[in-house]
Structure formats: structure tokens, C-alpha cells
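Asker: Before I ask anything, here is the structure I am working with.
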Amino acid sequence: MTVREALGRKMRRAIATAFAGLGLSLVQAIVPTQGPPLFVFTGMAVFFSAAMYLNLGIRCFQCRSRIGYILAYGGSPFWVSKRLRFCPYCGLELDTPLASVKRAA
Ligand SMILES: [Zn+2]
């Protein structure tokens, strides 16, 4: 597995979770229930948690810098753009095998 594939997997999971949260909040609109809108609150909490993880939690494997927002806004929401070739902070090539990356201490 390359760095690009590992980062893409993290990004897909975060985006899928965000969409699931959005869907959960829409359940309340489709199936109205009595009482407080718990589905809306829960769905929004899931959505914003996933969005925070996408922006702040996805880090370069080598320098530990936050690169999630660059991955997310640089191309498709489901894979890391082929045009993005290096980490902008440390220069790690994204097609490097993950096992050979030396992590920052
Ligand atoms: Zn880096």
C-alpha cells in the first residue's frame, strides 16, 4: 500500500461518515417523530465530527502535518488526486510504499 492509498482510505472513511451523518439528520425530515429532533442532532454531530477529522486529523505519515484539507479540496472526494504528488510540507512522495516511510518522532 502506498502513502496515497493510505491517505485516500482515511479520506474516504471520513467523507462516508460525514454523508452518513447528513443522511441520519435527513431521516427526521422524512419520518417525522414526536419529541426533540434527536436524529438531527446526532446526524449533525456525526457530520461535524467527520468534517473536523477530515480537516484536522488526517496527517502526513512522515512529518505529521495536517494535509486532510489539501487532499479533500484538491480533487475527488473519494481518492487523492494524481496531480498531488508530494506532501507540501516535507516533500514525501505520495506514491512511496507506506512501509518504507520513516515517521517523525
Ligand atoms: Zn509531510
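Asker: Throw me the Rg/Rh for the chain, computed over C-alpha atoms with Kirkwood Rh, two decimals. If you can, show how the numbers build up before the last one.
Answerer: Details: Rg = 16.8 Å, Rh = 14.9 Å.
Computed over Cα atoms, the ratio is 1.13.
Asker: So, taking all protein chains as they sit and a 1.4 Å probe, how much accessible area belongs to residue 61, in Å² rounded to tens?
Answerer: 10 Å²
Asker: Take the solvent-accessible surface of the protein heavy atoms, probe 1.4 Å, and return the percent of it on the chain that carbon and sulfur atoms account for.
Answerer: Taking all protein chains in place, the chain shows 65 percent carbon and sulfur surface.
Asker: Residue 29 versus residue 63, label points 7 Å from Cα toward the beta carbon: distance in nm?
Answerer: 4.1 nm
Asker: Using a probe radius of 1.4 Å on heavy atoms only, what accessible surface per residue do you get for the chain? Whole Å² is fine. Please list the in-between numbers first.
Answerer: On the way: 6650 Å² over 105 residues.
In whole numbers, the chain has 63 Å² accessible per residue.
Asker: Which sequence of 46, 101 reflects their accessible areas, 1.4 Å probe, from the largest down?
Answerer: On the way: 46 50, 101 15 Å².
Accessible-area ranking of 46, 101, largest first: 46, 101.
Asker: Largest first, how would 58, 70 line up by accessible area (1.4 Å probe)? Could the numbers behind the result be given before it?
Answerer: Values: 58 0, 70 45 Å².
Descending order: 70, 58.
Asker: Need one number: nm distance between label points at residue 95 and residue 52, each 7 Å from Cα along Cα→Cβ, rounded to one decimal.
Answerer: 3.7 nm
Asker: Here is a further query. As I understand it, the dipole of the chain uses +1 on the Cβ of Lys and Arg and -1 on the Cβ of Asp and Glu, about the Cα centre. Which of 90, 78, 52 lies farthest toward its positive end?
Answerer: 90
Asker: Related question: Note down the Stokes-Einstein diffusion coefficient of the stretch 14-74 in µm²/s, whole number, using a Kirkwood radius over alpha carbon pairs, 20 °C, and 1.002 mPa s. Could the numbers behind the result be given before it?
Answerer: Details: Rh = 12.6 Å.
Answer, rounded: 170 µm²/s.
Asker: Using helices alone, what [θ] at 222 nm do you get for the chain, with -39,500 (n - 2.57) per DSSP H run of 4 or more residues, divided over all residues and rounded to the nearest 500? If you can, show how the numbers build up before the last one.
Answerer: Numbers: 3 runs with 49 residues, N = 105.
Calculated mean residue ellipticity at 222 nm is -15500 deg cm²/dmol.
Asker: For the stretch 71-105 and the stretch 24-44, what is the separation of their Cα centres, given in Å?
Answerer: Value for the Cα centre distance between the two parts: 37 Å.
Asker: About the Cα centre of the stretch 3-100, what is the dipole size in debye to 20, counting +1 per Lys and Arg Cβ and -1 per Asp and Glu Cβ, all else neutral? Could the numbers behind the result be given before it?
Answerer: Working: 11 positive and 3 negative charges, 49 e Å.
Around 240 debye, computed over the stretch 3-100.
The values are calculated or read from the model by the stated rules, or taken from the named source; none is laboratory data. Just so you know, these numbers come straight off a predicted model, no measurement behind them. Glycine also receives a Cβ, built like all others from the backbone with ideal geometry; neighbour counts cover every protein chain displayed. Side chains are part of the model used for accessible areas, which takes the heavy atoms of the whole protein and leaves out ligands, DNA and RNA. Shrake-Rupley method; radii C 1.70, N 1.55, O 1.52, S 1.80 Å.
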